[in-house]
Structures are given as C-alpha cells and as structure tokens.
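Engineer: This is the structure, below, for whatever I ask next.
The values are calculated or read from the model by the stated rules, or taken from the named source; none is laboratory data. What you see is a predicted model, and the numbers here were worked out from it, not measured in a lab. Neighbour counts are summed over all protein chains in view; Cβ atoms, including those assigned to glycine, are modelled from backbone coordinates with ideal geometry.
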Amino acid sequence: MGRLKFSYDPTTWICKYHGPYYCLKVYGCEILAKTPHNNDRAMAHNWNVLRQYPALDDTPSETFYSKERLHSTRAILAARHRPSLLYITPVCPTLTGSGTPMRAGIVLEALCQRYRVSLLVVPGPQYQGFPRELPESLRRVCESVNMVSYDGDVPQRISRGTAVYRDYSFEAIHVFRLTALPYARPYLTATKGTARHYLDLDDIESKTQKRVAALHRRAGNEALAAQHEQNAKRCAMLETVAFRTFDRVYVCSAGDREDVLSRCAGVEASSLEVCVLRNAVRLPEAAPRRPFRFLFVGTLGYFPNEDAVRYFCARILPLIRDQADGAVFVDIVGRDAEGLRDLRVPGVTIVGQVADLAPYYEACDAVIVPLRAGGGTRIKILEAFSFRRPVVTTAIGMEGIEAVPNEHLLVGDEPEDFAAACLQLMLTPDLGQFLVENASEFLETCHTVQDLKRTIEAIPDSRPSLHLSN
C-alpha cells in the first residue's frame, strides 16, 4: 500500500502503513493504532500514550482521531517538550486588579510561553480576597493548578503544599515574593542541583518595611514603627539567604538591581544572576472605528441653509467618502425641512425639527456650516462650541464671530478645502480636541449669556429724565 509522510519543522511525523493498521511515529515514539487503513478519518490512536495530553482527556479510548485532530495535537505534543516549571505564589495571579496579583499574573503568562507551568498558590496572611476556586483562565494556561487552603498553622500549610507536587519532577522552580519562601523551601531542597531556582522579589521588602516604619514614626505610631522595623530585619535576613541560594533573582527596576548587587558583594559564595523584569500591562485592544457623524443645524426653510445642505451633499460629501476609511453619516436637523424631502443620499438623514438638540450634538463628531450666503452672527456655531463639538465652516458661515481659523474652528471655502478640513478631523482626533478646548475658552470669554447681560447693564441709559410737577 505504500507510505504516507507528513513532515513538520522542527517536528517530524511519519505515518506508515503496517498491514491493517497505521503507525504514527512522533518524537521517536511509535504509536501503533488500532485503526483500519481504509478509514480515512483516522490515522493513529493509542489511548495509553495520548491520554496524558490535556486536549485529549475527554476522548473515549475507542474514538478514532481525524487528520485534523492529529494535526492540532502536534502543538500539544510540542508543548510537552518545553521544560517543566513549578510556580509558587502567595497571591492569586490575575491580569487586572491590584499591583501584586497583576505582577504575578503577567509573569506567569510570560513563563507559560516558555515552560510547562504547574501552579501552587499558598495564600499569605497579608493577601486577602482569595477566591474559593482559582479562575478558569489559570487552568487554561497552566499544566496543573492547585491552591493550599489557609486552614491550620504555617507548618500544616507547608506540609499540605509539599504534598501537592511531591511525585513531580521539575526543571525549574519559580518563587514569587519572599512570603512564599517557607512554602517553597521543601521543593528547593528536593531539587537542589537538578533544577534551576528563580526568585521574583517584586519588591525589596526590607527597604519597603524600613520606609513604612519611618512613616509610622513621623505619624507618632511608635509601636507600629517598631513592628515594621522588625519586619525589615527579618526580610533582610531572608533576602541574604535568597541571594546565596537562588540561581537568579528578578527585580522590577534598574535601581533595585543595583541595590541587590551591592548587597551581593558582601554575601559569601554568591554567584547570583540579577535580572530586571519590569512591570508590564496589557495594552487595551483598539476600539473598532465607528462611523463618523456630521451634524448640520439650522432653519431648513431658509434658502441659504437649504443650499448649504445640498451643496455639502453634492460637492463635498463625495470627496470625503472617496478618502475616508470608514462610514460617514450626516444628520440634518431643523424645522421647515419639507424642501429637502427629495434629497436621497445614502447616510444622510433629514431629521427635521426636534424638541431637544442635545442628543444630536452628543451623537455627532463634528458640526458643519457650509454656508455660501447669509448674514448676521452664526449663533449655531456658538451653540456647537457650547456642546464642545469641533466646527468646519466657510468664511461666510463664521461671519460676525471673532473666532480664529485653525485655532477655534476649521474653514474651507472651496469643496476640496472643506472636505480636507473634515478629513483632518476624522483622521486626527487630537485636532478636534485642540479646537474644542480653544473654542470653549473663547466662548466663555466673549459669548456667554452672562456677558450679554453685563453688556446691557453697562450701556448708559441716555433717555431724558422726566420731572413731574404739581
């Protein structure tokens, strides 16, 4: 019947035909499958070998594997060849929340890329708020997850922690913070000379405790100051022991590294490797780009306003859409909109008269005033300023307002210029914020109702006085 070969790099799988069965050779281990050669859905199967892989735990022993299933299993088999690491922590690792659990979680996630990690959580007395069960997210990234209950005294908890992985062998032990050291010591002793030992200090506790003691002393809390000074001495002793026994210590900053190295200089037989492992956070995923929404507000029965709407839709909006990388919508709001009911442009909504303009200003990204005629002061521009929305207008559209182009608003008299100004706002959110801040300051300085009232009050009354006589 011949041979079938599937080659991968760096792993080679060889599937050979042996009589009525297929044989799968993975990493030099031959797995004889009780699978008829004419069953195209099955290539190899041996439950006694494959059942150790987590992804296959729920597979009955008589189930045949499809080609796709075996291909996906390759990643699991490759993961088995990563070195094993025991991660011991006094906090429940998380990716959000307070700083110490976040540090534990981020480092754990990174280590899982390089090691097959078994997690042992040993709650410390100073770390509160432990969940009753460890999050499912930890079980997805770790090979094994266990937590020691806080019941009993420290020796009892150490004994329970030691029993969890007693029959396991590890190529590395990673201890998070000094607090976990008593629980880690049995594992460190058992693997001395056979596993690498790493300590993530996260914080130089002796230094922190001294600072807290000084803070309590300044506040007049002498008893608490003395307590923290004792804690500082105890932490300093534990740190000295760690510097002598661990192969590598992780710290959060270059300054902490210098502190540790200066102390190691006085520690006999210390060949410690000190690495800076800076704290990190996951960057939030960029929000999907939402459609950009323009707003025009005005009395639509006034011909310059009707002309402005038709001019924008016919001459400017197509230019914007040609270059925009997202959807563009336009809301046209105002009374007497009957003359625009024949306007049919995708994405343009003739809203008409509304009782409250606030929701439309809040929903829009910019206000447009593409007027080509008219007079007076454009109060709608001032209204847009009050709602903190950037404005694109023509020179006629801003007549009577002492706003400065490119400082308080954008101006474009030709279709290409108006469209370019709109695209600037769409592509540069910071520009819109810059204009809004300046326009708000301009508005508060010159165009508030209080300014109007003060102006009226300051105008002298020039009417002649009336004198009544008997």
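Engineer: Could you figure out which of (1) in the same structural domain as GLY193 (by TED's automatic domain parsing); (2) modelled with pLDDT of 90 or more isn't true of ARG244?
Structural biologist: Here ARG244 clears every test but (2).
Engineer: What number goes with the only condition from (1) under 18 Å from GLY298 (Cβ atoms); (2) exposed (fewer than 13 other Cβ atoms within 10 Å of the Cβ); (3) in contact with a Lys or Arg (Cβ under 7 Å, 6 or more places away or on another chain) that GLY326 does not pass?
Structural biologist: (1)
Engineer: Still on this structure, I have one more. Only one of (1) under 36 Å from the mean Cα position of the chain (by Cα); (2) more than 24 Å from LEU277 (Cβ to Cβ); (3) crowded, with 17+ Cβ neighbours inside 10 Å fails for GLU143. Which number is that?
Structural biologist: (2) is the only condition that GLU143 fails.
Engineer: Could you list, in sequence order, the residues of the range 434-447 that are touching a residue at least 12 places away in the same chain (Cβ under 8 Å) and assigned to a helix (DSSP H, G or I)?
Structural biologist: Matches in the range 434-447: LEU435, VAL436, ASN438, ALA439, SER440, PHE442, LEU443, CYS446.
Engineer: Based on this model, can you work out whether ARG166 counts as more than 24 Å from VAL249 (Cα to Cα) and modelled with pLDDT of 85 or more?
Structural biologist: yes
Engineer: Continuing with this model, one more query. Pick from the range 352-368 the residues that are at pLDDT 95 or above and of a type in the set (Val, Ile, Thr): which of them is nearest to ASP417 (Cα to Cα)?
Structural biologist: ILE368
Engineer: Just give me the residues in the range 236-263 being touching a residue at least 40 places away in the same chain (Cβ under 8 Å) and small (Gly, Ala, Ser), in sequence order.
Structural biologist: Answer for the range 236-263, where residues must be touching a residue at least 40 places away in the same chain (Cβ under 8 Å) and small (Gly, Ala, Ser): just ALA242.
Engineer: With respect to ALA163, is the statement that it is more than 28 Å from ARG257 (Cβ to Cβ), of a type in the set (A, V, I, L, M), out of contact with any His (no Cβ under 8 Å at 6 or more places or on another chain) and surrounded by fewer than 17 Cβ atoms within 10 Å (Cβ to Cβ) true?
Structural biologist: When the stated conditions are applied, ALA163 passes them.
Engineer: Restricting attention to the range 364-382, which residues are farther than 13 Å from GLN433 by Cα, in contact with a strand residue (DSSP E or B) (Cβ under 7 Å, 6 or more places away or on another chain) and not in a loop (DSSP other than H, G, I, E, B)?
Structural biologist: Once the filter is applied, which keeps residues that are farther than 13 Å from GLN433 by Cα, in contact with a strand residue (DSSP E or B) (Cβ under 7 Å, 6 or more places away or on another chain) and not in a loop (DSSP other than H, G, I, E, B), the range 364-382 yields VAL367, ILE368, VAL369, LYS380, ILE381.
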